[in-house]
Amino acid sequence: DTGVSQDPRHKITKRGQNVTFRCDPISEHNRLYWYRQTLGQGPEFLTYFQNEAQLEKSRLLSDRFSAERPKGSFSTLEIQRTEQGDSAMYLCASSLPRGQGLSSYEQYFGPGTRLTVT
Amino acid sequence: AQSVAQPEDQVNVAEGNPLTVKCTYSVSGNPYLFWYVQYPNRGLQFLLKYITGDNLVKGSYGFEAEFNKSQTSFHLKKPSALVSDSALYFCAVRGENTGGFKTIFGAGTRLFVKA
């Protein structure tokens, strides 16, 4: 499967614990995005990477959230001191580099990591 | 500020009938508009986009959408619905002038196609 993959698919944690999610984008995609989706809502933008550089961050991303993409390939999203309000589906997406024509505007999404904080 | 509105939580159509899922947007500058579909237990899949050019864009699975600048709308359409089209549909927008890559999604419209 050459699509976007995310690990784990499900995570149950207790309030106050730290969690880390991983995203592996499509190999030729240099752009990577993280979104959060709660029940009944569309995905909400969290952050964006171009190669290893984090170029945009939403105000939704509090100090407890951090994302990295150290080598410009896979990315991790860490949530420290989880709260019940963090329970959501965390989605990763990737897209082609700029200059690849109109296809570079399309984002390809992974299956998501569902986080439940008890 | 960018925003997307999908005024219908659910759309019900009979198989074989035409379907329309509505979307309106607000954005600074020219809009880049997208439709994505989400099937149960699967990730979002790209359906179609409007970036520039013809106002009527065609996408996957026989879907099409019409960009209407004066009405700031980008409604999704299909001439003949299939039961397998039943899913959750999201409209999304990114503004040409935002300078970044933040894409705003609507809350989604659940399409139910009855056999």
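Has region B:59-80 got any residue that is in contact (Cβ under 8 Å) with a residue 60 or more places away in the chain and in contact with a strand residue (DSSP E or B) (Cβ under 7 Å, 6 or more places away or on another chain)? There is at least one residue in region B:59-80 that is in contact (Cβ under 8 Å) with a residue 60 or more places away in the chain and in contact with a strand residue (DSSP E or B) (Cβ under 7 Å, 6 or more places away or on another chain).
Among the numbered conditions (1) surrounded by 13 or more Cβ atoms within 10 Å (Cβ to Cβ); (2) free of Cβ contacts under 8 Å to residues at least 12 places away in the same chain, the only one that A:R59 does not meet is (1). When we screen B:S73, B:S60, B:S84 for residues that are farther than 23 Å from A:R36 by Cα, of a type in the set (S, T, Y) and crowded, with 16+ Cβ neighbours inside 10 Å, the only hit is B:S73. Among the residues of region B:28-39, none qualifies, meaning not one is aromatic (F, W, Y), surrounded by fewer than 21 Cβ atoms within 10 Å (Cβ to Cβ) and modelled with pLDDT of 95 or more. Checked against the criterion of being closer than 26 Å to A:R81 by Cβ, under 14 Å from the mean Cα position of the chain (by Cα), away from every other protein chain (no Cβ under 14 Å) and not small (G, A, S), region A:33-46 has no qualifying residue.
The values are calculated or read from the model by the stated rules, or taken from the named source; none is laboratory data. Note that this is a predicted model, so its numbers are computed, not measured. When we count neighbours, we look across all protein chains shown, and the Cβ atoms used for this are built from the backbone with ideal geometry, even at glycine.
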